[in-house]
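Encoded as structure tokens, the structure appears first; notes follow it.
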Amino acid sequence: MAGQVATGSRSGLRSALPLLLPAYLWLTVAIFLPLSAMVFFSFMTELPLSGKAWSFTLDNYATFFSQGLYWTLLLASLRLGLEVTLWCVVIGYPAAYVLAKVLRGRSREAIFLLVILPFWSNGLVRIFSWAMVLREGGILDTALNAVLPFKINIDLMYSYPAVIIGLVHSYVPYMVLTCYLTLQAIDDSLIEAGRSLGASRLQMLKRVIIPLSMPGLVAGAALIFVPVVGSFMEPRILGGRTGTFYGTVIEDQFVAVFNWPLGAALSFILLAVVLVILALASPVLRRAA
Amino acid sequence: MAGVQVANLSRSFGAHKALDDVSIDFADGGFYALLGPSGSGKTTLLRQIAGFDFPDSGRIAIGGEGVERVPVEKRRIGMVFQNYALFPNMSVADNVGFGLSVRRQAKATIAGEVQRALDLVQLGKLGGRRPHQLSGGQRQRVALARAIVTKPRVLLLDEPLGALDKALRVDMQIELKRIQREIGITTIFVTHDQEEALTMSDRIGILRDGRLVQEGPPEEIYDRPKSEFAATFLGDANIFRGETTGAGIRLPDGTAIAAGAGATLAAGTKASCAVRPERIRIATDSGTPDPNANLLRGQVSKRIFAGSNSTYFVDRDGQTLKVIVQNTGVERLAEGQEVVLRWSPESTVLIAAG
Ligand SMILES: Nc1ncnc2c1ncn2[C@@H]1O[C@H](COP(=O)(O)OP(=O)(O)OP(=O)(O)O)[C@@H](O)[C@H]1O
Ligand SMILES: [Mg+2]
């Protein structure tokens, strides 16, 4: 019996191989090769391409641990990731709920499009539009002063909130989409059953809907947290002088200082930290989900 | 516990009248079946009573108290859904206890009530399982336990046995009936299955296109259908159409059929007669003539053997009649055989055309 099952699954795998092959080839070429090159670089003293003499070293990793600055920046980036993820939950989950459970037909499609739109617009365009809105004398400042009777100065540009606003705007569609999918899979009759048992809407949300949409929340959080921790574009453009984060330092190593080995080492440290965080969080999240 | 009164209830979706002036009195402690073809408004009616949807006009009272504008969570009803609608993120016991815990009852009280409800549906040992670890019939029992644990005033069931196979369905029918008797709760039961409606309920309401066609005890609807639709929808019926003579009808070919039951109609109007297939006797000869009996001649076109009984299809004058005969093993009629059909006027119901 067991043997039968085993042969069955093996032959299933064999027939699936031609289907899987392109994907694995692509993964090997597009991700694995560059990534292993980067691992290689991170243990070098110099980039071999520059023609200078090079040798293997652990110095790049040692730099991270010997300089408190990197730690501070990493913590700041982790905090940024956490805050952006929380804001995405706060904004994205109710939006997903309304999309999945309140709106129907045409209005749902229209709102869906509005949510997805930032997804389809160029990242730089998106960020510079925010710059125009947030700076002093910009759209927000002018508009508020036009309605308010007293004079106020709104200059959010080059500040921490500006970075948060830009990042939340870029990443909230992930949360909306993942939560929308799990919320939509919740049968309406579950909600009706709960209400017929005397539960208020709030009780239903707490006891049934949020627990059942946990997988979407977790997936969305993972999709947002990881890239935000390493982000550099929004911090740089919207954060200005305050926008120095772990991600911008890595970017500097690659495009400004041309210290690729250090940049690569810092990247892998970030990857390791993120993986450790996800691993530590996963039992908690799995229980919640 | 309480009765439910529905009066002149109407509900439209756009131009479509899903419920059209429906009035029914659901007696306290009774078991009421709502029967009707797909799209006839059964679910819509149940949802108005539950409070998931609100009528355009008409009144709904539970235990004498008008509830038209009371939201579902305040109506104190118990509902069982066709797809069970158990919360997949909770254990069986938590599912059953849900209605008590949202009312903030003490943990010990909840545990006791949950155990009693689970014992009632004979699932006392499965409280720790998750819904996906149960069979269809077990899930249905959990859904039932969950609905009754809060001691609702009315139990509403929308095709609760629809997803079960035949054997399990019969078991659950008996079980459901036992539980209903035990707690004496007013029960409104939507079903597609006429046999289920006949065997389980004290009263049946037949809906068609949002209107209540006929309402009454099962025997009354079966023996005295008031329309061709009621006659053919609940059970099988042979329908003869013609003109009334006062005591029956005359078929277009001149044959008279005497009717001992049903409407009183003025002679000369169009009308029909309904006869149940099991009320007709079939024979190869005229036998001892009974002057009162209705008599028709025909030819057997088909015989379907079904174990305890056989169904004969008899052709006569462009019409195929259905006759069901208990298999006594004495006589079997062959296809093509000329036969005589006889039945009493008491078994013939006169129905106004329409
Ligand atoms: N929310 C709604 N919006 C529009 N039309 C609806 C809605 N709910 C029901 N209807 C319509 O009302 C009519 C009655 O529907 P209902 O669900 O009550 O039928 P039913 O008797 O329960 O049928 P079934 O046996 O198939 O469950 C149908 O024609 C249906 O299309
Ligand atoms: Mg229905």
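Some observations on this one:
- Summarising the label geometry, the points placed 7 Å from Cα in the beta-carbon direction at A:LEU13 and B:ALA163 lie 3.5 nm from one another.
- Taking a sphere under 10 Å around the Cβ of B:ILE324 and counting the other residues whose Cβ falls inside, with K and R at +1 and D and E at -1, yields a net charge of +1.
- The dipole here belongs to the protein assembly as shown: it is taken about the Cα centre, uses +1 on the Cβ of Lys and Arg and -1 on the Cβ of Asp and Glu, and is about 1060 debye.
- For region B:4-223, the relative contact order works out to 30 percent when only alpha carbon pairs closer than 8 Å and six or more residues apart are counted.
- Compared with the dominant Cα axis of chain B, that is its longest principal axis, helix B:136-148 is turned about 70°.
- Here B:THR320 and A:LEU117 are evaluated by their C-beta separation; at R0 = 56 Å the FRET efficiency comes out at 0.30.
- A DSSP coil position with no more than 16 other Cβ atoms inside 10 Å describes the following chymotrypsin sites (Phe, Trp or Tyr not before Pro) in region A:51-122: A:TRP54.
- The residues of the protein assembly as shown expose on average 50 square angstrom of accessible surface per residue, using a 1.4 Å probe on protein heavy atoms.
- Excluding exposed DSSP-loop trypsin sites (Lys or Arg not before Pro) (at most 11 other C-beta within 10 Å), longest clean stretch of chain A: A:152-289
- Cα centroid separation, region A:237-255 to region B:38-74 (Å): 62 Å
- Extension gain for B:THR288 to B:ARG211 (0.36 nm times residue separation, less C-alpha to C-alpha distance): 23.1 nm.
- On the beta carbon distance between B:SER308 and B:ARG181, with R0 = 30 Å, the FRET formula returns roughly 0.55.
- With every protein chain in place, chain A: carbon and sulfur % of accessible area (1.4 Å): 73 percent
- The Rg/Rh ratio for region A:67-288, using Cα coordinates for both the radius of gyration and the Kirkwood hydrodynamic radius, is 1.04.
- Take each residue in A:180-189, count the other chain C-beta atoms within 10 Å of its C-beta, and the mean is 2.
- Contact surface B-A: accessible area buried, both sides summed, square angstrom, 1.4 angstrom probe: 1800 Å²
- In this simple spin-label approximation, A:ARG286 and B:ASP56 carry label points 7 Å from Cα along the Cα→Cβ vector, and these lie 5.5 nm apart.
- Ranking by accessible area, most exposed first, for B:THR199, B:THR245, A:THR57 with a 1.4 Å probe: B:THR199, B:THR245, A:THR57
- Rounded percent of accessible protein surface that carbon and sulfur make up, chain B, 1.4 Å probe: 49 percent
- Extension gain, A:ALA62 to A:ALA256, is 67.7 nm, computed as 0.36 nm per intervening residue step minus the present C-alpha separation.
- Quarter of Cα convex hull surface for the protein assembly as shown, i.e. mean projection, nm²: 47.1 nm²
- Cβ-derived FRET efficiency at R0 41 Å, A:LEU25 paired with A:VAL102, nearest 0.05: 0.40
The values are calculated or read from the model by the stated rules, or taken from the named source; none is laboratory data. Since we're looking at a predicted model, the values are computed, not measured. Cβ coordinates were reconstructed from backbone atoms using ideal geometry, including for glycine residues, and neighbour counts include every protein chain displayed. Note: accessible area is taken over every heavy atom of the protein model, side chains too, but ligands, DNA and RNA are not part of it. Shrake-Rupley method; radii C 1.70, N 1.55, O 1.52, S 1.80 Å.
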